[in-house]
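**Q** This is the structure I want to talk about, given as structure tokens.
The values are calculated or read from the model by the stated rules, or taken from the named source; none is laboratory data. Model, not experiment: these values are computed from the prediction. Because the Cβ atoms are built from the backbone with ideal geometry, glycine has one as well, and the counts that use them run over all protein chains shown. These accessible areas exclude ligands, DNA and RNA; they are computed on the full protein's heavy atoms, side chains included. Shrake-Rupley method; radii C 1.70, N 1.55, O 1.52, S 1.80 Å.
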Amino acid sequence: MKKMLIVSLSLLVLFTTNALGFDINNIFNAYKHKNIELCFKQVSINGMTGQSIERCGVMKIIARKMMKFNYIDEKIIIDNFKAIDIKGNKKYAYKLSGFNKVLFNMFLGKKDIKELFYKIKINNSTYKLVPKYQSNISSVYVHFLKDRVKKIKIVDIYANKTIYTFYDFPCK
């Protein structure tokens with residue numbers, strides 16, 4: 001009887017820990033099912049020269065459909081694995097790849113993160129993701145604050161980095 005009680009308590013602790021545990025898939029799945037607008041700061045760093053370019057804007061997610069990045073002088077619409085870049089009167093369309101493909105897969109992709117990336121837990125709020133598919137992306141670092149994505153750092157095979165920091169309105 002005592003053994004049965006100990007086993008039952010052990011299982012209860014195990015299930016409770018897993019149920020309350022942090023799951024990167026659940027956080028990104030939440031983004032896939034609701035419309036969201038987030039302010040962001042984007043810093044792009046050239047791996048060879050160290051030159052960095054900083055931009056700010058608003059990212060809008062339309063659940064299961066598209067993402068829009070609104071910068072002061074440009075709009076990028078990511079939809080169905082293609083990107084449309086609008087600058088003034090000019091419109092450019094191209095196949096989704098690199099940094100934009102990673103963001104699309106994470107926030108709107110049809111697959112879970114675990115199907116696309118190997119997960120390495122760095123600490124309680126940060127994961128390193130390594131693509132399981134052939135890609136020019138080397139790694140993705142995702143930093144969470146509670147149950148929200150706070151920062152994403154994407155590194156490609158040429159050591160170029162793009163860092164997105166997300167924050168609530170009003171945008172700064």
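**Q** Do you know which of the residues in segment 136-154 that are touching a residue at least 60 places away in the same chain (Cβ under 8 Å) and assigned to a strand (DSSP E or B) is nearest to PHE40 (Cα to Cα)?
**A** Here the residue is VAL149.
**Q** Then there is this: Checking MET66 against (1) of a type in the set (A, V, I, L, M, F, W, C); (2) out of contact with any Asp or Glu (no Cβ under 7 Å at 6 or more places or on another chain); (3) open to solvent by 30 Å² or more (accessible area, probe 1.4 Å): exactly one of these is not met. Which one?
**A** With respect to (1) of a type in the set (A, V, I, L, M, F, W, C); (2) out of contact with any Asp or Glu (no Cβ under 7 Å at 6 or more places or on another chain); (3) open to solvent by 30 Å² or more (accessible area, probe 1.4 Å), MET66 is out only on (2).
**Q** Suppose the filter is over 15 Å from ASP156 (Cβ atoms), open to solvent by 10 Å² or more (accessible area, probe 1.4 Å) and either modelled with pLDDT under 90 or among the aliphatic types (A, V, I, L, M) (or both); does SER135 pass it? Reasoning before the result, please.
**A** Details: over 15 Å from ASP156 (Cβ atoms): no; open to solvent by 10 Å² or more (accessible area, probe 1.4 Å): yes; either modelled with pLDDT under 90 or among the aliphatic types (A, V, I, L, M) (or both): yes.
So SER135 does not fit the description; no.
**Q** Which of (1) over 20 Å from ALA63 (Cα atoms); (2) of a type outside the set (A, V, I, L, M); (3) surrounded by fewer than 16 Cβ atoms within 10 Å (Cβ to Cβ); (4) touching a strand residue (DSSP E or B) at 6+ places or on another chain (Cβ under 8 Å) is the odd one out, the single condition ASN123 does not satisfy?
**A** The single condition ASN123 does not satisfy is (4).
**Q** Can you confirm whether segment 93-105 contains a residue that is surrounded by 13 or more Cβ atoms within 10 Å (Cβ to Cβ), more than 15 Å from the chain's Cα centre (by Cα) and charged (D, E, K, R)?
**A** The answer is no, given that none of the residues of segment 93-105 is surrounded by 13 or more Cβ atoms within 10 Å (Cβ to Cβ), more than 15 Å from the chain's Cα centre (by Cα) and charged (D, E, K, R).
**Q** With the requirement that a residue be over 12 Å from VAL149 (Cβ atoms), assigned to a strand (DSSP E or B) and out of contact with any Cys (no Cβ under 8 Å at 6 or more places or on another chain), what does segment 26-49 give you?
**A** Within segment 26-49, GLU37, VAL43, SER44, ILE45 meet the criteria.
**Q** Quick one: would you say LEU116 is out of contact with any His (no Cβ under 6 Å at 6 or more places or on another chain) and within 17 Å of SER135 (Cα to Cα)?
**A** Spelling it out, LEU116 is indeed out of contact with any His (no Cβ under 6 Å at 6 or more places or on another chain) and within 17 Å of SER135 (Cα to Cα).
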